[in-house]
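One structure is given below, encoded as structure tokens.
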Amino acid sequence: MNIIIERAALLRSLGHVQSVVERRNTIPILSNVLLRASDGELSLAATDMDLEIVETVPATVTRAGGTTAPAHTLYDIVRKLPDGSQVELDIGGDGTILTLRAGRSQFKLSCLPIDDFPQLSGGDLPHRFDLTAGDLRALVDRTRFAISTEETRYYLNGIYLHAAKAKAGGSELPVLRAVATDGHRLARVEMPLPEGAAGIPGVIVPRKTVNEIRKLIDEAADRIELSLSDNKIRFAFDSVVVTSKLIDGTFPDYERVIPVGNDKTMEVDAKLFAAAVDRVATISTEKSRAVKLSLTRGTLTLSATSPEAGSATEELEVNYQEGPLEIGFNSRYLLDITQQIEGEGARFSLADAASPTIVRDVADPTALYVLMPMRV
């Protein structure tokens, strides 16, 4: 293999694929990036056996071929080369050494055989539909903060993507729904069901895959093709294909967690509320991060106390016409939810100090958040 490629193009693609590669690997080939050159293109691939990213980039190919090279080392070399330089990648006869030349710099990297590199992208993915980059970004951004990091409840370590029916007026509309929960809070976001998504199985997309996709879609063109089966999902856009295994587990019946009898409603300016929570929480202890909400007609008082730091209170005008109510929340969780509210108003539907609270964006009915209270 012998190719010449622009540093900027190589660096961008290496940046995308090498982020999948774990820093510590017991299997040497998983530390490598697969390079294949033919027909004026260089294809780069990396995998951790659960997630695979493949990207193609234009290159001047004088001799087709391929190899696998250490991903992080190659990325660091290219990152440190001068802007605008042309990079030559050359593999000799036995294919064990990759020579990289740029200007007066030359590097020789040890390679491993292509045959050892695992392939994840095979297999039939029968369900296919398109999303815009904006829609996928919204589904991810408004749910991923609630993904559980507790490895023992592995079935909560991702976003549950499925087709559902949403009640609208007297009818039911088909929607694509994304749900994440860690047992303390729940995020549920939906959008009209895309064409081709009607028969999809409910799937749990792992946290690492969600985070990698989120990094990539900022640079994506408008359309993203999703393909999935019962155990794999693929995202394809521009010159990038991301294939991932799905979490093999059953997502809990989240509808049971969403309360239906919350009859006390508070509406508040979301940005003013988030800023006040953030200020008052400065006092709360690092462990509990508890903030108390005390509601009376027209007024919300936020308060926090800590044996070491002291106390803090702040008052806000709110739209609340019910009897007095006191309820405590983890301030970090409150902020995570209010940061997702893009409109001006946040609507809290409450029952009592021990029951879950529903939070909605007044201007956007497609997102719903549930937050468990704390004792304060």
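The values are calculated or read from the model by the stated rules, or taken from the named source; none is laboratory data. Given the structure is predicted, the values throughout are model-derived calculations rather than measurements. Every residue, glycine as well, gets a Cβ built from its backbone with ideal geometry; the counts of neighbours run over all protein chains shown. Note: areas computed on protein heavy atoms with side chains; ligands, DNA, RNA excluded. Shrake-Rupley method; radii C 1.70, N 1.55, O 1.52, S 1.80 Å.
For the range 2-116, what does the relative contact order come out to in percent, with C-alpha contacts under 8 Å and a separation of six or more?
The value is 29 percent.
Report relative contact order for the range 127-256 in percent, whole number only (criteria: Cα-Cα under 8 Å, sequence separation at least 6).
29
Count charges around Ile341 for me, please; just the other residues with Cβ under 15 Å from its Cβ, Lys/Arg as +1, Asp/Glu as -1.
Here the count lands on -3.
Calculate, for the chain, the solvent-accessible area per residue in square angstrom, rolling a 1.4 angstrom probe over the heavy atoms of the protein chains.
Here the residues of the chain average 48 Å² of exposed surface.
Report the gain in length on full extension from Glu172 to Ser105: 0.36 nm times residue separation, minus Cα-Cα distance, nm rounded to one decimal.
17.7 nm
Apply the a/c threshold of 1.5 to the C-alpha gyration tensor of the range 96-135 and tell me whether it is rounded, prolate or oblate.
Because a/c hits 1.5 or more and a/b fails to exceed b/c, the range 96-135 counts as oblate.
Give the total of Lys-Lys pairs in the chain with Cα-Cα distances below 27 Å; include a pair only if its members are 8 or more places apart or on different chains.
Count of close lysine pairs: 16.
Based on the Cα gyration tensor of the chain, what are the three equivalent ellipsoid semi-axes, each the root of five times an eigenvalue, rounded to whole Å and given largest first?
Value: 48, 24, 17 Å, ordered largest first.
Over the chain, with every protein chain in place, what whole percent of the accessible area is carbon and sulfur at 1.4 Å, could you tell me?
Reported share for carbon and sulfur atoms: 48 percent.
How high is the relative contact order of the chain? Use alpha-carbon pairs under 8 Å, at least six apart in sequence, and give a whole percent.
Relative contact order, the chain: 12 percent.
Could you give me D for the range 148-214, from Stokes-Einstein at 4 °C and 1.567 mPa s, where the hydrodynamic radius is the Kirkwood radius over C-alpha pairs? Units µm² s⁻¹, please.
99
Rounded to a whole number, what is D in µm²/s for the range 240-376 from Stokes-Einstein with the Kirkwood radius over alpha-carbon pairs (4 °C, 1.567 mPa s)?
81
Compute and list, largest first, the equivalent-ellipsoid semi-axes of the range 127-256 from the alpha carbon gyration tensor, each √(5λ) rounded to a whole angstrom.
For the range 127-256, the semi-axes come out at 21, 19, 14 Å.
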